[in-house]
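The values are calculated or read from the model by the stated rules, or taken from the named source; none is laboratory data. Remember, it's a predicted structure, so these values are computed and weren't measured experimentally. As a convention, Cβ positions derive from the backbone with ideal geometry for all residues, glycine included, and neighbour counts pool all protein chains shown. Surface areas here come from the heavy atoms of the whole protein model, side chains and all, with no ligands, DNA or RNA. Shrake-Rupley method; radii C 1.70, N 1.55, O 1.52, S 1.80 Å.
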Amino acid sequence: MSMKIEVLGGGREVGRTAILVEYSGKSILFDYGVSFNEEDIPVLPMSVQPSKLSAVLVTHAHLDHVGAAPFLYVSARPPAVMTELTKELAKVMIEDMLKLAGYYLPFEYPELEAFLSSVQPLRLGSELIINDIRIEAINAGHIPGSAMYRVEIGNRSILFTGDVNTIDTRLVKGAHREGLEANILIIESTYGNVDHPPRKRVEDKFIDTIRSVVEDGGTVLIPAFALGRAQEILALLAEKMPYANVYYDGMARRILEIFLSYREYINRVDLLEKVVRIFTAVQSSSMRRKICREPGSIIVAPAGMLKGGPSVYYLKRMGENSRNALILVSYQAKSTPGRKLLSDGCIEEGGSKIKARVYWYDFSSHAGVSGLLEIVKSVRNLEKVVIIHGSDSSAFELAYRIKENLGIDVEVPSVNQVITV
């Protein structure tokens, strides 16, 4: 009997991950996310018949992995699996997307509630059986609550990484790689052609830059993703600059509260507790105005690509001062204001140049190519690797290295492609 792996999204692209596996009369859907086009309109994966799904496995709460999931619950109630923390975070993230882009989405709040009520929570390191499918959740090391899934279906086993990272950070320990076994590995390749610089070196340069700006009387703005990156940066500042005048704003506040309610998923929960104790959560527009006039402040706020949120408010009020600094710590996608700022010095076409100093530091929560190869090498009984969630250059570079180094059969499918194993 052959197994079918259908790429509904995330094939040779980053975003809207959705992988359907059919075998032995069962259908498993790994993730169902959205991407956003240049007009910031959500783009969903290819369609799937929800009533035929045996299980929906969600790796983590970033919208490119969970944002389209409520659409599956318009007419059916397939069981969904994720960690308790991912369930809580997914609710917050999708509610926010509905507020901002609900007009373009084919679902509303009732479908979100139906999705969340269908969740069967699974702790990392634990397993459950749904419809004769054995499912194990394994720490993926990407953000708190993120999971890889090892699935036994019929006489075959699959390991799906979702987004994965192999290094320990203040938020999470690196992906669990001991005792992994699977016949088929489906792995991300966001950075399949490059390695990140050593994290300690990045952190040291980042802190040195902030100290230099603050000591010169300038204000530092750090736009950061609300889920994960903002809390990682705040934990770093709490450890290295506890005396600093640090503010955090927007949805980063709510996510921090949720993280502290799920302490078992956090590597250095003591640092997040310290953040709440010594730094200041921004609560009002009047406080924002006051902060903008306060030299020597450090502000951590979404959105990480400057597509909206409090970070844009702050930038408009501090970007004219050359003493100030803007430090980007998140990936800057094409056509985003953050990418335009790095390339052209302004955030919109025909806009004025930002006079504040602009820096970018690599705090990626994805494994580089060496880490991805480590994961592949650690999986026993591996027969085939399917590479997703990466550009052509990163996906094919990773495929080449796997074939050259390990001699394992590799596929790099496009969206809508079906692989038969």
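When the residues of the range 335-359 are filtered to those that are closer than 19 Å to Glu39 by Cα and over 25 Å from the mean Cα position of the chain (by Cα), which remaining residue is modelled with the lowest pLDDT?
So the residue we want is Gly350.
Kindly provide the set of residues from the range 37-62 that are within 18 Å of the chain's Cα centre (by Cα) and either surrounded by 22 or more Cβ atoms within 10 Å (Cβ to Cβ) or touching a residue at least 40 places away in the same chain (Cβ under 8 Å) (or both), ordered by number.
Asp40, Pro42, Leu44, Pro45, Leu57, Val58, Thr59, His60, Ala61, His62
Exactly one of (1) assigned to a loop (DSSP other than H, G, I, E, B); (2) touching an Asp or Glu at 6+ places or on another chain (Cβ under 7 Å); (3) closer than 24 Å to Pro197 by Cβ; (4) open to solvent by 30 Å² or more (accessible area, probe 1.4 Å) is unmet by Gly390. Its number?
Here Gly390 meets the rest and fails (4).
Residue-wise test of (1) under 17 Å from the mean Cα position of the chain (by Cα); (2) under 17 Å from Ile210 (Cβ atoms); (3) assigned to a helix (DSSP H, G or I); (4) charged (D, E, K, R).
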residue: Glu294; (1), (2), (3), (4): no, yes, no, yes
residue: Val300; (1), (2), (3), (4): no, yes, no, no
residue: Leu315; (1), (2), (3), (4): no, yes, yes, no
residue: Ala333; (1), (2), (3), (4): yes, no, no, no
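Of all strands (runs of 3 or more DSSP E) completely enclosed by the range 78-134, which ones contain at least 3 residues that are closer than 22 Å to Ala55 by Cβ, touching a residue at least 24 places away in the same chain (Cβ under 8 Å) and more than 18 Å from the chain's Cα centre (by Cα)?
119-121
Matching residues to (1) aliphatic (A, V, I, L, M); (2) not in a loop (DSSP other than H, G, I, E, B):
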residue	(1), (2)
Arg323	no, no
Glu348	no, no
Ile354	yes, no
Glu397	no, yes
Glu404	no, yes
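Tally up the residues in the range 117-148 that are buried (at least 18 other Cβ atoms within 10 Å of the Cβ) and on the phi > 0 side of the Ramachandran plot, please.
2
So which residues in the range 145-192 are of a type in the set (Val, Ile, Thr), under 18 Å from the mean Cα position of the chain (by Cα) and in a strand (DSSP E or B)?
Listed by number, the residues that qualify are Ile186, Ile187.
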